[in-house]
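The values are calculated or read from the model by the stated rules, or taken from the named source; none is laboratory data. Because the structure is a prediction, the values reported are computed rather than measured. Heads up, the Cβs are rebuilt from the backbone with ideal geometry, glycines too, and the neighbour counts pull from every protein chain shown.
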Amino acid sequence: MKFVRDTLDKIKPAFEKGGKLEKLHPAYDAFETFAFVPKHTTPKLGAQIRDAIDLKRMMMTVIIAMIPCLLFGMWNVGHQHFLALGNLEASFIDKLIIGAWVVLPVVVISYAVGLGIEFYFAVQRGHSVNEGYLVTGMLIPLVMPPTIPWWQVAVATAFAVVVAKEVFGGTGMNVLNVAMTARAFLYFAYPGDMAGATDVWVYTGGEKIVDGYAGATALGIAADQNTTDALASFGSFFSFENLFIGNVPGSIGETSALMCLIGAGILIFTGVGSWKIIVSGFVGAYVMAALFYVIPGGNAFMAIPPHYHLVMGGLAFGVVFMATDPVSAAQTEVGKWYYGFLIGALTVLIRVFNPAYPEGIMLAVLLMNVFAPLIDYYVIEANKNRRIKRLKLKIA
Amino acid sequence: MNLKLKKGFDINLAGKAKPELAGEIISEIYSFKPTDFNAITRPKVLVNEGDTVKAGTPIFRDKKNEQVHFCAPVSGEVVSITRGAKRFPEEFKILADKEIQYVEFPKYSESDITRLSKEEVLEAMLKSGVWPNLVERPFGLVPNPGNEPRDIFISAFDTHPLAPDYEFVFKGQEKYLQAGVTALQKLTKGRIHISIPSGNSSIFKSLTGVQIHEVSGMHPAGNVGVQIHHIAPISRGEHVWTTTPYGLQQIGRLFLDGRYDSSKVIALAGSEVIEPKYYEIRNGISIAKLVENKLKDTNSRIVSGNVLTGLKVSKEDIIGFNHNLISVIPEGDNYEFLGWILPTSKKLSFHRAFGLFSFLSPKKERVLNTNMNGEERAIVQSGVFEQVLPMDIYPVFLLKAILANDFEEMEALGIYEVLEEDFALCEFVDVSKMEIQRILREGIDALQEA
């Protein structure tokens, strides 16, 4: 500890004003403040004491909330791998090892590319490295299919960080959720690697898939064949319980609604994620799906029982981890109810009526990111109007 | 009116003052600082170095608000007038007499005060030095006597950390408080509103001619701005005046005793004070005298006022004009290894993010230091300021309007209803570590000058 402090103090002058590496100060600062909370004290006037929280701790809390999804995702990648190869005897450890082998490089690439760009912009702009990417860097791998080519992860990360975030001014200024932008970029640029075929959702390691293994996601099957019977034909594989627990094919971290709920519990308990957005997101999806369910006729997707919608695909993951991103979400408490509800409702709407995009959550979140300021605008206008009304009453 | 506030946050610091008056502290030198007041831009100095003054002799005036006289708190010789940029008089130092001489103002009996006219009350208050105990909202200024206030508000309790207990401080002073109220009644066609904590017996309940409101809730329930917001909010074009029981007491003494007597009972509190107690002082006493032999031998910070809105002072400084508390807390100028992630139950947090366990023991008294506990960042978190601000106001949007210098938006979002102290808790809980009170003051100043 003292050694680290001494080393930091020794090299510090080089990074300070007038030092040789002055320009790299933000990079030095990022490492120094990672090791030690700085000795900055409160300014002369105003609050002389400050809350123990800072952005680093807040972001770490979100990462901790994602760990259940990450670990389950790794296991599930291995699990699907052995299922596809017809090996039903593989142990828990075997599955975890295969999963880690597939998932960890994606995580490493996401962090390396994203943080690299963050550091570059911080140095160029001379501001400190914000911690926002710590969360984004974990979200990106979790919404990728296990077989995603590594170079695509790198390109998508770079695209999202630069175009969705840095051009707007960095952390706190972005309009769109950065991780969702990365996914959307790949979805439209390289659709063949992001949807549909069996080899996207299951890591085979080049071996042959046995007959009878589903391979596709529940959403994909329901959309493709336009019938719920298709799901039933896989027996209990796509049962509600299995979908809830998440041992089905899908993006790395999204399959388990259970793990997402554990994450939601952590976010809500710590107050880091808005419970209003999470609750209204699920309610919105359920209400929309129930509406379609009771309307007679229409397409077969409408016949899927509403509770299935909550556990299929990425809805749970998106509502819990993407919709609650405080920067791109609605900022007013009233607005958060509408924002979450519309994300859930739109997700189901897109799923049911747009077979080209069986995964609705991605577009729903991005769409509502764009509309969040509008929601806030109306909430704020209402507040202003209360004030104006009061003034008019006085004058009258 | 019964007011139940649900939002807010109590900060329970160690080192509260024992309800015990430890005596009077006397200093050789007393000072007056025009910088204790907002928006004084055209100062006029009324004395020269070497002049002798009495307690109540005018020493300074603001040409923008000419009728208001700022007066010497003690009698003695003006030994120095320190000037800053543009020759702005920053500090008047007075070498005090052993026995304080007072300027003689007319004395009245309690019933006489009722018969005074508005003009007589104004005249007495403006000349004698008690006037700056009043604060005008919006903007938090020394009131302009020409702006008749819609109402006058007084909060009779202070919910800030370590704040003095008014029930203790003003016990036995009811006569002066009542005289102060009676005088203030002449200045407004509206009401005198006094807020007290609900449920307790209070010496303020015995005051007549006032509207009593019982308020319950966590800090900032005791902030007069929050009370005004719920009782009768300030709209554009309106003026509301506020004062404290300290102000009432001084106004009362002016009319009953005929003097500007600036003595008051303040608390010296905080974890770094050996025996936190109450002391009697006069305005402008030096900090060095005040804390002499009373502090622990630690690396500490002396704050004039409370730890949420106060001013860091050195021993050469004085207690602020409107301050009734000196808080002494540990200075936090040390590094903390991995302090941003290690679990802690010692440090206080409004949040419950990973590793912050203070929510498990909300009642516990804490020793908090002045470390920022993090670095300044972009605004990321939303919805937290609203939980500690019991007002129908969107603080983040208001702050953004200020940063964008958008006057119309500031007005529409309710800047007239707030002063820095109301946003102090937002500054405390802020994840992004912004200087929220400074930003708000900049907005208020910009709007006031516009």
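Tell me, which residue of segment B:302-323 that is part of a loop (DSSP other than H, G, I, E, B) and touching a residue at least 60 places away in the same chain (Cβ under 8 Å) is surrounded by the fewest Cβ atoms within 10 Å (Cβ to Cβ)? Per the criteria, the residue is B:Asn322.
Given the structure, is A:Met362 without any contact (Cβ under 8 Å) to a residue 60 or more places away in the chain, closer than 30 Å to A:Pro191 by Cβ, part of a helix (DSSP H, G or I) and within 17 Å of the chain's Cα centre (by Cα)? No; evaluated as a whole, the condition is false for this residue. For segment A:255-279, residues that are surrounded by fewer than 24 Cβ atoms within 10 Å (Cβ to Cβ) and either in contact with a strand residue (DSSP E or B) (Cβ under 9 Å, 6 or more places away or on another chain) or not in a helix (DSSP H, G or I) (or both) total 2. Among residues that are in a helix (DSSP H, G or I), in contact with a Ser or Thr (Cβ under 8 Å, 6 or more places away or on another chain) and of a type in the set (Asp, Glu), B:Glu167 is included. Looking only at residues of segment B:324-352 that are assigned to a loop (DSSP other than H, G, I, E, B) and more than 9 Å from chain A (Cβ to nearest Cβ), we find that the one that is surrounded by the fewest Cβ atoms within 10 Å (Cβ to Cβ) is B:Pro343.
Against the conditions (1) surrounded by 19 or more Cβ atoms within 10 Å (Cβ to Cβ); (2) small (Gly, Ala, Ser); (3) at pLDDT 95 or above, A:Ala84 satisfies every one except (3).
For segment B:267-301, the tally of residues that are assigned to a strand (DSSP E or B) and more than 10 Å from chain A (Cβ to nearest Cβ) stands at 14. With respect to the conditions (1) more than 11 Å from every other protein chain (Cβ to nearest Cβ); (2) modelled with pLDDT under 95, B:Ser358 falls short on a single one, namely (1). Residues of segment A:281-300 that are over 13 Å from A:Thr347 (Cβ atoms) and touching a helix residue (DSSP H, G or I) at 6+ places or on another chain (Cβ under 6 Å): A:Ala290, A:Tyr293. Of the strands (runs of 3 or more DSSP E) entirely within segment B:8-90, those holding at least 1 residues that are free of Cβ contacts under 8 Å to residues at least 60 places away in the same chain and closer than 27 Å to B:Phe105 by Cβ occupy B:43-45, B:58-62, B:76-83.
Taken over segment B:126-156, the criterion of being on the phi < 0 side of the Ramachandran plot and in contact with a helix residue (DSSP H, G or I) (Cβ under 6 Å, 6 or more places away or on another chain) is satisfied by B:Ser128, B:Val130, B:Trp131, B:Asn133, B:Pro138, B:Val142, B:Asn144, B:Pro145, B:Ile152, B:Phe153, B:Ser155, B:Ala156.
Per-residue answers, yes or no, for (1) under 28 Å from A:Pro326 (Cβ atoms); (2) touching a residue at least 12 places away in the same chain (Cβ under 8 Å); (3) away from chain B (no Cβ under 14 Å):
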{"site": "A:Val62", "(1), (2), (3)": "yes, yes, no"}
{"site": "A:His79", "(1), (2), (3)": "no, yes, yes"}
{"site": "A:Leu83", "(1), (2), (3)": "no, yes, yes"}
{"site": "A:Ile93", "(1), (2), (3)": "no, no, yes"}
{"site": "A:Ala100", "(1), (2), (3)": "no, yes, yes"}
{"site": "A:Tyr111", "(1), (2), (3)": "yes, yes, yes"}
{"site": "A:Gly116", "(1), (2), (3)": "yes, no, yes"}
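Taken over segment A:266-296, residues that are closer than 15 Å to B:Arg352 by Cβ and free of Cβ contacts under 8 Å to residues at least 40 places away in the same chain amount to 4. Restricting segment A:341-396 to residues that are of a type in the set (Ser, Thr, Tyr) and closer than 25 Å to A:Phe292 by Cα, the residue that is farthest from the other protein chains (Cβ to nearest Cβ) is A:Tyr357. Contact annotation: residue pairs with Cβ atoms under 7 Å, 6 or more positions apart or on different chains, pairing a residue in segment A:18-45 that is more than 7 Å from chain B (Cβ to nearest Cβ) and without any contact (Cβ under 8 Å) to a residue 24 or more places away in the chain with a partner that is part of a loop (DSSP other than H, G, I, E, B) and surrounded by fewer than 19 Cβ atoms within 10 Å (Cβ to Cβ), are A:Glu22/A:Glu16. Here segment B:230-250 is the region considered, the condition is being within 14 Å of chain A (Cβ to nearest Cβ) and under 16 Å from B:Gln211 (Cβ atoms), and the residue that is nearest to the chain's Cα centre (by Cα) is B:Val240.
Of the residues in segment A:280-325, how many are part of a loop (DSSP other than H, G, I, E, B) and at pLDDT below 95?
10
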